[in-house]
1. Which pairs have Cβ atoms under 6 Å, sit 6 or more apart or on different chains, and link a residue in region 27-48 that is free of Cβ contacts under 8 Å to residues at least 24 places away in the same chain to one that is surrounded by 17 or more Cβ atoms within 10 Å (Cβ to Cβ) and assigned to a helix (DSSP H, G or I)?
2. Could you tell me whether any residue of region 122-133 is touching a His at 6+ places or on another chain (Cβ under 6 Å), touching a residue at least 40 places away in the same chain (Cβ under 8 Å) and either crowded, with 18+ Cβ neighbours inside 10 Å or under 28 Å from residue 71 (Cβ atoms) (or both)?
3. Can you tell me which residues in region 40-79 are surrounded by 14 or more Cβ atoms within 10 Å (Cβ to Cβ) and within 17 Å of residue 19 (Cβ to Cβ)?
4. Could you list, ordered by first residue, the pairs with Cβ atoms under 9 Å in which the first is in region 102-117 and in a loop (DSSP other than H, G, I, E, B) and the second is of a type in the set (D, E, K, R), at least 6 apart or interchain?
5. Of everything in region 20-45 that's among the acidic types (Asp, Glu) and under 15 Å from residue 65 (Cβ atoms), which residue is nearest to the chain's Cα centre (by Cα)?
6. Residues in region 148-170 that are in contact with a helix residue (DSSP H, G or I) (Cβ under 7 Å, 6 or more places away or on another chain) and either touching a residue at least 12 places away in the same chain (Cβ under 8 Å) or surrounded by 14 or more Cβ atoms within 10 Å (Cβ to Cβ) (or both): how many?
7. Got a sec? Which of 24, 4, 15 is surrounded by 18 or more Cβ atoms within 10 Å (Cβ to Cβ), among the charged types (D, E, K, R) and modelled with pLDDT of 95 or more?
8. Just wondering, is there one or more residues in region 118-138 that are in a helix (DSSP H, G or I), aliphatic (A, V, I, L, M), in contact with a Gly (Cβ under 9 Å, 6 or more places away or on another chain) and modelled with pLDDT under 90?
Amino acid sequence: MNNKYIITGAPGTGKTSIINALKKKGYSCSEEISRKIIREEIANHGDALPWKNLVTFSQKVIALRKVQHTNVPQAKTHFFDRGIIDVIAYLKHDKIAINDDIIEIAKQFPYNNTVFYTPIWEEIYKNDSERKEDILSAKNIENVLLTTYHSFGYTLVEVPKLKVNERTAFILSKI
C-alpha cells in the first residue's frame, strides 16, 4: 500500500498549518517547497518565480518534489504539502502547455489514491510577499487542482473548515 498522502488546495487554505500539526504528532511530513524556492529566487534576484517565469519555477519545484518523494521513509505514513500534480495544475491554470515528460514524472512518482484537499476559506485567506494570488485567482486554482487530480485518477477528500487539530484528526481518520 502507498503511504504517501498529499494535502493539496488553493493558496491560503491551511495546508501548512495541518502539516505542522501532523509533524507535532510525530508524523513524517514534507513541507511545501515553493516558498523556499521563491525566497531563494528573491534573495538572489532570480527570475524563477511563479509570477515571472512559471516554467522555470515549475521545473525547480518538480525536481525537488521528486527528491522529497524518493527520500521519504517507505514503511511510514508520510504527508506532503502539495505534490507533483499541483505543478501540472498551476501550469494548466496559466494556460501553459504540459509536455509529456511532466505527465510521465507524475505517473512515475505516485501517491496514495486518496488526496486530501483544503477548500477555499475566505476567512483565513491572506496575501503576502510569496503568495500574490487574489481570492478569485485562488478559487480558479482550486478548480484546476481538483480537475487535474481527478484526471490522474485520484480520489479527493475535502477537509472540513474546522480548527487545525480537528482538521488533522479528520485526515487521520480517513487513512
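1. Cβ pairs passing all conditions: 48/41; 48/57; 48/60.
2. Checked region 122-133: no residue is touching a His at 6+ places or on another chain (Cβ under 6 Å), touching a residue at least 40 places away in the same chain (Cβ under 8 Å) and either crowded, with 18+ Cβ neighbours inside 10 Å or under 28 Å from residue 71 (Cβ atoms) (or both).
3. Correct list: 61, 64, 65, 68, 69, 72, 77, 78, 79.
4. Sorted first by the residue in region 102-117, then by its partner, the pairs are 109/4; 109/65; 109/66; 110/4; 111/4; 112/4.
5. In this case the residue turns out to be 32.
6. Total satisfying the criteria: 9.
7. Going through 24, 4, 15 in turn, just one is surrounded by 18 or more Cβ atoms within 10 Å (Cβ to Cβ), among the charged types (D, E, K, R) and modelled with pLDDT of 95 or more: 4.
8. Within region 118-138 (the criterion being in a helix (DSSP H, G or I), aliphatic (A, V, I, L, M), in contact with a Gly (Cβ under 9 Å, 6 or more places away or on another chain) and modelled with pLDDT under 90), the answer is yes, since at least one residue qualifies.
The values are calculated or read from the model by the stated rules, or taken from the named source; none is laboratory data. This structure is a prediction, so every number in the text was calculated from the model and none was measured. Cβ coordinates were reconstructed from backbone atoms using ideal geometry, including for glycine residues, and neighbour counts include every protein chain displayed.
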